[in-house]
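Note sheet for the following structure.
Please treat every number below as a calculation from the coordinates, not as lab data. As the structure is a computational prediction, the values presented were derived from the model and not from experiment.
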Amino acid sequence: MNAVSLKAHSDGKHICLDDPYPLEPNTRFVVTVVPGDTAEEERQAWLAASQAWFARTYGENEPDYSGAVIREQPPRE
């Protein structure tokens, strides 16, 4: 099964999918809690998460790569 993003909500006890989706028993999940309940709040939450990961990936601890370590693209025929 390929990874898929599904919208869901909590009823206080369970995570409930907003739309029907066929799932096999014992299907594993990665759950991301998005604060807020409006589309703009959700967009802002995803933007903040994206910016945090971008900063972590390209932060100050990322080494500087010289041009010598960059490989050239092979010529296209």
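Quick notes
- Compared with the alpha-carbon gap, the fully stretched path from V4 to R71 is longer by 20.7 nm at 0.36 nm per residue.
- For A8, distant residues with modelled amide H under 5 Å away: D18
- Segment Q51-C16, length gained on full extension (0.36 nm per residue, minus Cα span): 9.8 nm
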